[in-house]
Amino acid sequence: MKLEGIHHVTCITADAPGNVDFYARVLGLRLVKKTVNQDDPTVYHLFYADERGSAGADITFFEYPGIPRGRAGAGMVHSITFRLGAETALDFWAERLGAEGVETERADGALQFSDPEGLRLELAVVDVPDEPLVADSPDIPREHAIQGFDSVRAYSRAPSASAAFLEQGLGFQPRGENEWELRGDRRGGRYVYDEAPEERGLGGAGTVHHVAWASPPDELDEWRHRVAAAGASPTPEIDRFYFKSVYFREPSGVLFELATIGPGFTTDEPLETLGERLSLPPRFEHLRDELEPVLTPLPDVRPARR
């Protein structure tokens with residue numbers, strides 16, 4: 001069995017309209033699913049990805065209006081790296097982000113910056129065989145577009161305590177000091193630890209809630225048993241309608257999810273109109289008339305992309 005790299009990364013926002021503007025308009029990702037948090041359906045769960053809503057390109061956000069900004073600390077992912085295809089793309093993104101008032105730092109084939117709520121992001125030129133996962137945006141040339149995830153970086157006070165779990169439990173391969181790669185038959189992703197700051201982490205706007213790793217659909221139950229045998233405490237399998245999931249914390253405290261590749265976001269709406277209306281899994285559909293009036297109105301950025 002092999003996990004296929006990063007499936008998605010889920011974060012927290014206090015400002016859904018601003019979030020849509022930044023990730024869909026500025027970064028050029030496609031809003032592929034406008035739905036609700038299945039553990040609290042009064043708030044959004046927004047999904048951005050490539051044109052097809054592929055696992056491996058999917059950054060998602062729970063919206064909690066008014067929640068204070070958080071602070072990454074030990075046991076939390078603090079930075080997300082997306083792939084680019086060439087060095088010339090770094091020049092394009094430095095100019096584009098600068099025009100939006102976003103400060104950037106460039107070093108070693110990568111461009112680092114923060115989203116409007118302080119979430120640390122990086123665009124890096126990465127040479128891997130993975131298929132580019134690209135969203136179509138009219139003012140972003142395809143050769144400069146974001147191509148999916150490369151890695152996430154987490155804070156840990158004892159990275160060595162996680163090594164056996166990552167390698168023997170989940171099949172990660174060591175790639176250097178405090179760095180591992182998870183590579184399947186089609187895709188891969190990296191997981192890196194940095195020394196944790198002294199300050200305790202605080203969940204809130206601009207922080208990562210969890211990182212999900214991609215499982216073939218017919219292997220999730222076996223992975224759940226393997227995770228338990230490695231010493232973690234996985235949840236029962238949860239049906240999220242667009243995929244099935246198991247959650248647990250790895251030894252450094254970071255919340256992991258194993259999520260199946262599929263059924264996918266076209267389960268309940270056509271590919272051509274993904275993300276244009278509120279999608280509710282069947283068990284929430286009866287709440288539509290109650291939810292639509294209380295959810296935050298969002299800007300419509302899709303027409304400009306056609």
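Coordinate-derived values only; no laboratory data. Predicted model only: the values in this text are computed from it and were never measured. Cβ atoms come from the backbone with ideal geometry, glycine included; neighbour counts cover every protein chain shown.
Couple of notes before you dig in:
- The lysines within cross-link reach of LYS2, meaning a Cα-to-Cα straight distance under 24 Å and a gap of 8 or more places when in the same chain, are LYS244.
- Relative contact order (percent, whole number), the chain, Cα cutoff 8 Å, 6+ residue spacing: 27
- In loop segments of region 149-257 as defined by DSSP, the trypsin sites (Lys or Arg not before Pro) with at most 12 further C-beta atoms inside 10 Å of their C-beta are ARG200.
- Using alpha carbons only, the radius of gyration of region 159-239 set against its Kirkwood radius gives Rg/Rh = 0.98.
- Along each principal axis, taking the top coordinate minus the bottom one, the Cα set of region 10-133 gives 42, 31, 30 Å in descending order.
- Computed across the chain, the Kirkwood hydrodynamic radius from all distinct Cα-Cα pairs reaches 19.5 Å.
- Coarse-grained scattering of region 243-300 at q = 0.29 Å⁻¹, given as base-10 log I(q)/I(0) from a Debye sum over alpha-carbon atoms: -1.14
- Placing +1 on the Cβ of every Lys and Arg and -1 on the Cβ of every Asp and Glu, with no other charges, gives the chain a dipole of roughly 320 debye about its Cα centre.
- Electrostatic dipole magnitude of region 167-303 [Cβ: Lys, Arg +1; Asp, Glu -1; Cα centre; debye, to 20]: 160
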